[in-house]
Amino acid sequence: MDISIIIACYNGADILEKGVSKIDGVLSKTNYTYEIIFVDDKSTDNTQKIIKDLVEGHKNRIALFHTVNEGRGKTVSKLYIPLVR
């Protein structure tokens, strides 16, 4: 994997799909292999379902879901590598 993109999510249902589409659009034009890792911080809107839909059927997408809200700082600072695949 050449690039790992971690997307910290909290109640982003209204923008998430469009953002991922833009990322895929740019990276698909390169020769890099990439993965997108979604880290949901216990969203209270439809974000978790959207993440599950975005991950389904894509080998280069991973979803992680916090069981309690930990705040943006914890979401982006936790070390998730190596991830179990």
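The values are calculated or read from the model by the stated rules, or taken from the named source; none is laboratory data. Treat the numbers as computed from the prediction; the structure is a model and nothing was measured. Don't worry about glycine lacking a Cβ; one is built from the backbone with ideal geometry, like all the others, and counts go over all protein chains shown.
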Revision key, fill the gap. Of (1) at pLDDT below 90; (2) touching a Cys at 6+ places or on another chain (Cβ under 8 Å), Asp41 satisfies every one except (1)
Point to revise | Complete set of residues in the stretch 20-31 that are within 17 Å of Ile62 (Cα to Cα) and either among the aliphatic types (A, V, I, L, M) or surrounded by 14 or more Cβ atoms within 10 Å (Cβ to Cβ) (or both) | key: Val20, Ile23, Asp24, Leu27
Check your understanding: Filter the stretch 1-59 for residues that are assigned to a loop (DSSP other than H, G, I, E, B) and of a type in the set (A, V, I, L, M); which is farthest from Asn69 (Cα to Cα)?
Key -> Met1
